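Structure first, commentary second.
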Amino acid sequence: MTNKEIANEFRFLGDIMELHGENPFKIRSYQNAYITLRKLDRPLAEMDQPEMEAIKGVGKAIAEKIGELLQTGKMSTLEQYREKTPEGVQEMLTVKGFGPKKVQAVWKDLGIETVGELLYAVNENRLIELKGFGQKTQEELKQKLEYFQRSQDQFHFSALESAANNLVSLLESGLKDARIALCGAIRRCANTLDGIDILAASSATVQEMAAAANLKEGKGGEQPTHLLTEDDLPVRLYRCQPEEFGSKLFRYSASGEFMDAFLAKYPGLDFRNLPEEQQVFDKAGIPFIPPEMREQEWALDLAAGNDLPELIGEADIRGVIHSHTTYSDGIATLRDMAETARALGYDYIGITDHSKSAFYANGLQPDRVLAQMEEIDALNRELAPFRIFKGIESDILNDGSLDYDPEILGRFDFIIASVHSNLRMDEEKATRRILTAVENPYTSILGHPTGRLLLSRQGYPLDHKKIIDACAANGVSIELNANPYRLDLDWTWIPYALEKGVLISINPDAHSKEGIRDIHFGVRSARKGGLTAAACLNARSADGFLAAVRKG
Ligand SMILES: [Zn+2]
Ligand SMILES: [Zn+2]
């Protein structure tokens, strides 16, 4: 172990002890040890115990710990603290600039146990109310966390999309007579992915291409060449000849499963040396399959039967469903949210603040519900023909019931039912809880069905088929939560929902004006599952929406 590594162990020990509120003097001594040890010019590994003890600020106890580290690679005191600290909380301690006091606050007061959950909480403005936090701290933290996650090798689609598009335009404008296209998971708009894949047919050298797009050398071999953007996002650059661009684009865009299925279905089909991707499909005798759908064999079956759906596009979305305001945990007012939705060209917005049990999110007590409804009535008169619908995101309580008395529930235009608490459930319990909510006559939309946060929280296991069947039987739509950290319902369940006639609602779950734009990511993900405008709840007109969600 190097001095630096040993020093870092002491720093972490100090941090984790502070997290647990231990004796400040001891903590100070470990912090000092960190500073002393990392500046030492002789390797600790070459010293004996008395020599270490003689170092100013080290002493007997710390020297023993160093000895233990050098011999076993571990420090038992530190291990004890590790054992009583969830792994994700330990990880939070390593986020630069996010000290133990703040980690303690989010862990103990908000029950947050992973970096991903924390990032999500930041996006939902959960930290503003917390002691020692304000909007500015929250914003700084957000950037630190995003950086931290970026360095973990996996990315949300939203973290790479604009960089990827930027790369394409830089290469296209910087290289004459080049053909450039995204391929791989980024072209398929995968929910999460490990980098940007790009295909280039150009006479330029790798160095010239890298220079044109401000790319740095990355780790890894040739073909593809591993590069990094200025922000250290991984890029894999594939090169080919112009006359085989279509063949390569097809090959590098397919998922493993899709390619296997394709090769099995069309054995011996020679699709090499084709300049246009369309020619690959022509040779196979099937229509062009949109890249988003090139994940599973299913898309090939549809293509073979000439049954490919006309995929939904962003322009098909007519209403913004699932939005929060300053009434609960949003940071924009009701008026701001409505006016923003209208300015973006939508015909209507469905306001769904949190319900009364969601104390952490300033959920609405019945009198606040009624006050909001009055404000909506007034705004509706002012903003017509734009329409604001009265909704609520009702917590699904532990027993599956909704959060208000029928007297209040009956006043809403529509109700999204979502699980926000007690997320640790086995499949049976989770399925039962959600079935109860779906069967509730007031429920119109099931919100983020599994509670997952991509790359950070798995979500409870669910019998999706049972839930979708129940939604069909009860006229309940299912949300595809468009927040790029959720994208829940997972797109792989869309085909079954379509088969059962269940409508999908692409909801931004917006907690700010900017949040409305997340609809973009929801649409990208929905297309992967073959969603059509006809099967999308908020692609309907305002009246069509209301007709579909009004219960009883
Ligand atoms: Zn929610
Ligand atoms: Zn929400």
Original post:
When the gyration tensor of region 242-389 is built from Cα positions, what are the square roots of 5 times its three eigenvalues, in whole Å, from largest to smallest?
Top reply: 50, 17, 13
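According to the Kirkwood expression over distinct Cα-Cα pairs, how big is the hydrodynamic radius of region 167-289, in Å? Can you show the working numbers first?
Numbers: mean 1/r = 0.0662 Å⁻¹.
It is 15.1 Å.
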Subject >> region 61-128: radius of gyration over Cα atoms, expressed as a fraction of 2.2 N^0.38 Å >> reply: 1.38
Original post:
Which percentage, to the nearest 5, of the DSSP beta bridges contained in the chain is antiparallel?
Top reply: 35 percent
Subject >> For q = 0.09, 0.14, 0.15, 0.21 Å⁻¹, Debye-computed log10 I/I(0) when each Cα of region 54-198 counts as one equal scatterer >> reply: -0.48, -0.84, -0.89, -1.18
Subject >> Per residue solvent-accessible surface (Å²) - region 198-348, probe of 1.4 Å >> reply: 46 Å²
Original post:
Nearest 20 debye, what's the magnitude of the dipole of region 1-155 about its Cα centre given +1 on Lys and Arg Cβ and -1 on Asp and Glu Cβ?
Top reply: 540 debye
Original post:
What does region 332-391 give for Rg and for Dmax, in Å, if only its C-alpha atoms count?
Top reply: 12.0, 35
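For region 31-98, what number results from the quotient of the Cα radius of gyration and 2.2 N^0.38 Å?
Its radius of gyration relative to the 2.2 N^0.38 Å reference: 1.27.
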Original post:
Rounded, prolate or oblate: which fits region 404-552 when a ≥ b ≥ c are the square roots of the eigenvalues of the alpha-carbon gyration tensor, with rounded for a/c under 1.5 and prolate only if a/b beats b/c?
Top reply: rounded
**OP:** Write down the Kirkwood hydrodynamic radius of region 1-49, to one decimal in angstroms, obtained as one divided by the mean of 1/r over all alpha carbon pairs.
**Re:** 11.1 Å
Original post:
When the dipole is taken about the Cα centre of region 49-102, and only Lys, Arg (+1) and Asp, Glu (-1) are charged at their Cβ, what size is it in debye, to the nearest 20?
Top reply: 320 debye
Original post:
How far is the Cα center of region 278-335 from the Cα center of region 485-510, in Å?
Top reply: 10 Å
Original post:
Per-residue accessible area for C536 at 1.4 Å probe radius, Å² rounded to 10?
Top reply: 0 Å²
Subject >> Carbon plus sulfur fraction of accessible area for region 54-180, probe 1.4 Å, in percent >> reply: 46 percent
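Report the per residue volume, in Å³, of the convex hull enclosing the C-alpha atoms of the chain.
Taking only Cα atoms, the chain has a hull volume of 186 Å³ per residue.
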**OP:** With the full set of protein chains in place, find how many percent of the accessible area of region 420-474 is carbon and sulfur; take the probe as 1.4 Å.
**Re:** 46 percent
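For region 379-453, what value does the Rg/Rh ratio take when both radii are computed over Cα atoms and Rh is the Kirkwood radius, given to two decimals?
Numbers: Rg = 14.3 Å, Rh = 13.4 Å.
Here Rg/Rh amounts to 1.07.
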Original post:
Size of the dipole of the chain about the Cα centre, Lys and Arg at +1 and Asp and Glu at -1 on the beta carbon, nothing else charged, in debye to 20?
Top reply: 780 debye
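The values are calculated or read from the model by the stated rules, or taken from the named source; none is laboratory data. Please read all numbers here as calculations on a predicted model, not as lab measurements. Cβ coordinates were reconstructed from backbone atoms using ideal geometry, including for glycine residues, and neighbour counts include every protein chain displayed. When the accessible area is computed, the model is the full protein with side chains, heavy atoms only, and any ligands, DNA or RNA have been set aside. Shrake-Rupley method; radii C 1.70, N 1.55, O 1.52, S 1.80 Å.
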